[in-house]
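Report on one structure; see the data block that follows.
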Amino acid sequence: MATPENKLAFDGGWAYDPAPESTDHISLKKRYGLFIGGEFVAPENSRYFDTINPANEQKLARVAEASEADVDRAVKAARAAYSGVWSRMPAKERGKYIYRIARIMQERAREFAAIESLDGGKPIRESRDIDVPLAAAHFFYYAGWADKLDYAFPGQRAKPLGVAGQIIPWNFPLLMAAWKIAPALATGNTVVLKPAETTPLTALKLAEVIADAGLPPGVVNIVTGAGKTGAAIVNHPGVDKIAFTGSTNVGRIIQRALAGTRKKYTLELGGKAANVVFADAAIDQAVEGIVNGIFFNQGHVCCAGSRLLVQESVADEVVAKLKERMETLIVGDPLDKNTDIGAINSSMQLEKIQSYLKIGKEEGGEMHQSACRLPKKGYWCRPTIFTGVAQSNRVVQEEIFGPVLAIQTFRSFDEALAKANNTPYGLSGGVWTDKGAKIFKMTQGLRAGVVWANTFNKFDPTSPFGGYKESGVGREGGLHGLDAYVKLGAR
Ligand code: ADP
């Protein structure tokens with residue numbers, strides 16, 4: 001029933017009754033060990049940490065903290081599986097295992113989605129409609145490549161690298177695991193993967209799926225822990241390749257650690273993407289794209305459209321429509337199917353976002369937030385925009401990783417392009433215009449790995465993804481994603 005608590009207060013006055021996804025169907029253990037050599041084992045020092053639900057601060061499970069010795073065990077298991085089974089297996093057979101993972105993931109999609117929302121705080125609509133289906137799609141896509149590598153690299157022979165160490169962040173826990181594990185397996189590598197410390201549960205569920213799919217023990221090992229565990233993977237001499245997604249700061253540390261070693265690496269780091277809206281764009285559509293680009297998923301997206309560059313003649317209209325739309329966004333229970341903006345992933349991340357709100361105001365920006373009510377417990381941030389900001393402001397230059405949009409105006413095409421490119425990052429961008437020629441000119445001029453035209457945040461396993469400048473090194477996804485896991489030689 002619509003009560004004053006759940007009634008959405010804005011002109012028109014729609015009211016949404018709560019529509020929570022049930023959690024009866026999910027199974028979580030109280031305590032998780034490390035997935036090494038095909039089974040869950042206790043960490044050698046018996047240390048565990050809590051993983052909590054950021055929407056209510058309640059503990060969901062305890063998770064093992066892997067030490068250097070545990071990482072060593074995992075790398076040895078991966079090496080044994082690589083030399084003994086996986087690299088020798090006919091590619092067609094490898095492909096069958098990967099298809100099996102994809103199918104089991106689809107069968108358990110509801111459970112994966114609910115756990116992703118519980119552990120990470122993202123709305124169930126996102127985990128159900130985006131994260132989980134896309135993760136399965138990546139396994140399907142790369143399963144298809146396993147026995148066709150000769151066609152991926154015509155005239156050359158693609159050999160696996162060996163053991164891949166993979167470190168992933170908390171914003172797309174299952175999807176990032178799929179991005180990394182699927183191409184590694186398809187090309188004949190074995191894996192040691194570490195999920196982020198605040199979102200380990202879907203990776204551990206994936207470990208269960210991998211066991212159920214009957215993968216030979218040690219082909220995929222999943223170790224949990226924080227930065228120290230990640231560093232132990234990066235520095236382990238038995239690892240042949242590092243794939244990292246996370247902050248630019250940690251990316252720098254990793255790149256320094258790998259300099260001068262024979263390890264191959266890909267780094268997918270931060271972003272500060274601009275959505276460029278020209279006066280001739282379909283304005284309502286653009287406003288929806290802006291909202292999708294920065295507010296959905298709490299702005300916890302490295303390719304989020306965290307800057308808006310809008311042509312001066314339509315700036316007032318766009319900002320007015322954006323403010324109106326912001327009032328309709330529902331912030332709250334991630335498991336509720338009506339929710340647009342879920343919980344901020346951790347108290348640390350919330351503090352970081354709040355410190356940027358303070359900085360933005362001190363720098364002279366005008367801050368506007370929607371008027372929505374926030375739940376009392378948990379970590380929350382209202383959708384926020386800053387107008388009146390300058391190119392040199394920190395809220396324009398630095399990655400905030402929250403639902404915070406910095407808005408600037410421009411008069412000419414060249415000004416828009418110069419402003420869009422004027423950050424240390426280059427992961428993604430968006431252009432909104434009615435004119436095809438402007439789209440081509442802008443996409444050629446933007447120094448960003450992905451540029452969306454009249455849409456935003458669209459993903460597909462066949463598309464490569466990665467950054468320019470401080471946004472990273474290498475590409476993941478598509479055919480390019482295979483290249484990162486092979487060495488090429490003569491047939
Ligand atoms: P974000 O907050 O954007 O996810 P981080 O870069 O802090 O960014 O974290 C991404 C991943 O990197 C996490 O799994 C984290 O545990 C791991 N990590 C943090 N510090 C290090 C480090 N020094 N070496 C390797 N991995 C690390």
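The values are calculated or read from the model by the stated rules, or taken from the named source; none is laboratory data. All of these numbers come straight from a predicted model, not from anything done at the bench. Every residue, glycine as well, gets a Cβ built from its backbone with ideal geometry; the counts of neighbours run over all protein chains shown. For the accessible areas, the whole protein counts, side chains as well, though only heavy atoms, and no ligand, DNA or RNA atoms are used. Shrake-Rupley method; radii C 1.70, N 1.55, O 1.52, S 1.80 Å.
Pairs LYS159/LYS419; LYS241/LYS438; LYS263/LYS441; LYS352/LYS419: which are spaced more than 32 Å apart, C-alpha to C-alpha? All intermediate terms of the calculation are to be shown ahead of the outcome.
Working: LYS159/LYS419 43 Å; LYS241/LYS438 40 Å; LYS263/LYS441 38 Å; LYS352/LYS419 25 Å.
With Cα atoms farther than 32 Å apart: LYS159/LYS419; LYS241/LYS438; LYS263/LYS441.
Take ILE210, ILE439 and sort them by solvent-accessible surface of the protein heavy atoms, 1.4 Å probe, largest at the top.
Descending order: ILE439, ILE210.
Taking the Cα centroid of region 463-491 and of region 288-304, what is the distance between the two, rounded to the nearest whole Å?
First find each Cα centre; the distance between them is then 25 Å.
Taking the mean number of other Cβ atoms within 10 Å as a proxy for protection, how do you rank 255-262, 229-236 from highest to lowest?
The densest-packed peptide leads the list: 229-236, 255-262.
Starting from 0.36 nm per residue, how many nanometres of slack lie between ARG491 and GLU317 once their C-alpha separation is accounted for?
Extra length from ARG491 to GLU317 when fully extended: 56.6 nm.
Just how far, in whole angstrom, is region 125-186 from region 37-106 if you go by their alpha carbon centroids?
About 16 Å separates the Cα centre of region 37-106 from the one of region 125-186.
Just read off the accessible area of TYR142 with the full protein assembly in place, 1.4 Å probe, to the nearest 10 Å².
Solvent-accessible area, nearest 10 Å²: 0 Å².
Which of the pairs LYS321/LYS361; LYS228/LYS487; LYS30/LYS205 have their Cα atoms more than 20 Å apart in this structure? It would help to have the intermediate numbers written out before the result.
On the way: LYS321/LYS361 22 Å; LYS228/LYS487 29 Å; LYS30/LYS205 13 Å.
Going by Cα-Cα distance, LYS321/LYS361; LYS228/LYS487 fall outside the 20 Å limit.
Distance between the C-alpha centers of region 245-265 and region 402-419? Whole Å please.
31 Å
Would you list the membrane-span-like helices of the chain, meaning whole DSSP H runs whose alpha-carbon atoms span at least 18 Å along their axis and whose mean Kyte-Doolittle value is at least 1.0?
Both cut-offs are met by 173-186.
Using the alpha carbons of region 350-410, what is the convex hull volume per residue in cubic angstrom, as a whole number?
Taking only Cα atoms, region 350-410 has a hull volume of 80 Å³ per residue.
Once the whole set of protein chains is in place, how much accessible area is left on THR387, using a 1.4 Å probe, in Å² to the nearest 10?
40 Å²
Enumerate the aspartates and glutamates that LYS469 could reach by cross-link, defined here as Cα to Cα under 16 Å, with residues fewer than 8 away along the same chain left out.
Once the sequence-local aspartates and glutamates are set aside, what remains near LYS469 is GLU268, GLU398, GLU399.
Quick one: ranking LYS337, LYS194 by accessible area, 1.4 Å probe, largest first, what do you get?
From most accessible down to least: LYS337, LYS194.
Quick one: how many Å² of ASP460 are accessible to a 1.4 Å probe, rounded to 10?
70 Å²
Could you do me a favour and compute the accessible area per residue for the chain, 1.4 Å probe, result in Å²?
Heavy-atom accessible area per residue stands at 39 Å².
Can you give the FRET efficiency to the nearest 0.05 for VAL473 and PHE153, using r as the Cβ-Cβ distance and R₀ = 22 Å?
Computed FRET efficiency for VAL473 and PHE153: 0.60.
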